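The values are calculated or read from the model by the stated rules, or taken from the named source; none is laboratory data. No experiment lies behind these values; they were computed from the predicted model shown. All Cβ positions, even for glycine, are placed from backbone atoms using ideal geometry, and neighbour counts span all protein chains on display.
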Amino acid sequence: RLWNFSAGPSALPESVLQQAAQEMLDWNGSGMSVMEMSHRGPEFTRICDEAEDDLRELLGIGDEFAVLFMQGGATAENAIVPMNLIGLRDGHKADFVLSGIWSRKSATEARKYGDVSVVASSESELNQDGRTWQPWAWFPAVDQWQVRPDASFLHICSNETIGGVEFMDWPDARRMRALGAGDVELVVDASSHFLSRSMPLDRVGMLYAGAQKNAGPAGVTIVVVRRDLLGHALPICPSAFDYANVAKERSRFNTPPAYSIYIAGLVFKWLLKQGGLDAIEKVNQEKSRRLYQFFDRSDFYQLPVHPQFRSRMNVPFFLPDTTLDGIFLDGARERGLAQLKGHKSVGGMRASIYNAMPLEGVMALIEYLESFERTHG
Ligand code: PLP
């Protein structure tokens, strides 16, 4: 197999894929593939409930939150979130911090459902600390967010997959009060660093993530929402997307993406076996530390992101001259290093080093980066 640096769908742990292959025709003596099971039968009920329980254990999710396995990806959540939560308060207001392409898409979609305001943005080249940075190269400082105190929720994207900007200093209740936003619920799109580290869920009203980075295959979207926020969906919200309905039926209001939930469940068990999120976070810290350290020592490669906000998951970088891009990618492929091309809106390269990428794969990349620099620098 290749070292796969795709931003998603991305590499999955090999042992998970092997187990799924072994169980493909006959899950646990049931005589059926998981794909062939009734979603209301005892076998899938066990698979789905166990996946939820394991996810709760991993993230330390208390009973005050519902855990939902939904469909439509994070893009659908851009609509499903406002349909469920913008009606929490009169005025139907939602505030957005724009830190990259994904959060901008979220804000654009939400405009269909209510009064949307951008409360801070890093889209311009305004600098964060006296230097000029590229647009989307940093996360707007919390103290500068101009949150409306009567907004229903405040949305952030905590890891911008395309830009490679990660933000973990989510404001707690005290800081929200200081911003004049004491009753505003924090909503987080954590898609691309979900399960890569522990997360302060006590600060959020709701968090969502497409699975196809760290959590499993595409097809299932994970939603964690505080139960007291349920039951406020707009009348236009399709019943299958009303969190209250999905929570009541433990993700089986209608036929769920059963096979994707099953694989995600195997990934959760794999993570628990690794020692949980604290353990995987240490590995992710080490992987990203080695890669960034290499780049910082090089005069050849350029990193676009403000050091304070460098993502541990998605590492965009540029070669000094775009004519080298094709040569770099061909050489990488020959060495078994795949899917390093940057997002089309940014150009350059991007290495996504999710949970399933071992340190060995990162070291293979660093070795190639070094040799490419020696030849072309
Ligand atoms: N949000 C973030 C941070 C993402 O990285 C992505 C996809 O990569 C999305 C939203 C959209 O996800 P989907 O394609 O599952 O709708």
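For the stretch 160-194, taking the residues that are within 11 Å of the ligand (Cβ to nearest atom) and under 19 Å from Gln144 (Cα atoms), the one that is surrounded by the most Cβ atoms within 10 Å (Cβ to Cβ) is identified as Val165.
Candidates in the stretch 84-102 are the residues that are within 16 Å of the ligand (Cβ to nearest atom) and not in a loop (DSSP other than H, G, I, E, B); of these, the one that is surrounded by the most Cβ atoms within 10 Å (Cβ to Cβ) is Phe96. The sole residue among Ile156, Ile222 that is at pLDDT 95 or above, over 11 Å from the mean Cα position of the chain (by Cα), within 19 Å of Phe65 (Cβ to Cβ) and within 16 Å of the ligand (Cβ to nearest atom) is Ile156. Looking across the stretch 56-82, the residues that are aliphatic (A, V, I, L, M) and more than 16 Å from the ligand (Cβ to nearest atom) come down to Leu58, Leu59, Ile61, Ala66, Val67.
For the stretch 54-70, a residue qualifies if it is in a loop (DSSP other than H, G, I, E, B) and either under 15 Å from the mean Cα position of the chain (by Cα) or of a type in the set (Asp, Glu) (or both), and the qualifying residues are Asp63, Glu64.
To keep it simple, each residue is scored yes or no on (1) hydrophobic (A, V, I, L, M, F, W, C); (2) assigned to a helix (DSSP H, G or I); (3) in contact (Cβ under 8 Å) with a residue 12 or more places away in the chain; (4) closer than 22 Å to Lys213 by Cβ.
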| position | (1), (2), (3), (4) |
| --- | --- |
| Asp325 | no, yes, yes, no |
| His343 | no, no, yes, yes |
| Val362 | yes, yes, yes, yes |
| Glu367 | no, yes, no, no |
| Arg374 | no, yes, no, no |
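Just one of the listed residues (Arg56, Arg1, Arg46) is of a type outside the set (Asp, Glu) and more than 23 Å from Arg252 (Cα to Cα), and it is Arg1.
Take the conditions (1) within 20 Å of Gly8 (Cα to Cα); (2) touching an Asp or Glu at 6+ places or on another chain (Cβ under 6 Å); Phe300 misses just one of them, which is (1).
Residues that are of a type in the set (Val, Ile, Thr), more than 19 Å from Pro358 (Cα to Cα) and touching a strand residue (DSSP E or B) at 6+ places or on another chain (Cβ under 8 Å) within the stretch 278-324 comprise just one, Val305.
Every test in (1) part of a helix (DSSP H, G or I); (2) of a type in the set (Phe, Trp, Tyr); (3) touching a His at 6+ places or on another chain (Cβ under 8 Å) is passed by Phe295 save one, and that test is (3). Residues that are in contact (Cβ under 8 Å) with a residue 40 or more places away in the chain, polar (S, T, N, Q) and closer than 30 Å to Arg226 by Cα are absent from the stretch 17-32.
Restricted to the stretch 14-42, and to residues that are surrounded by 19 or more Cβ atoms within 10 Å (Cβ to Cβ) and touching a Phe, Trp or Tyr at 6+ places or on another chain (Cβ under 7 Å), which residue is farthest from Met363 (Cα to Cα)? Ranking the candidates gives Met37 first.
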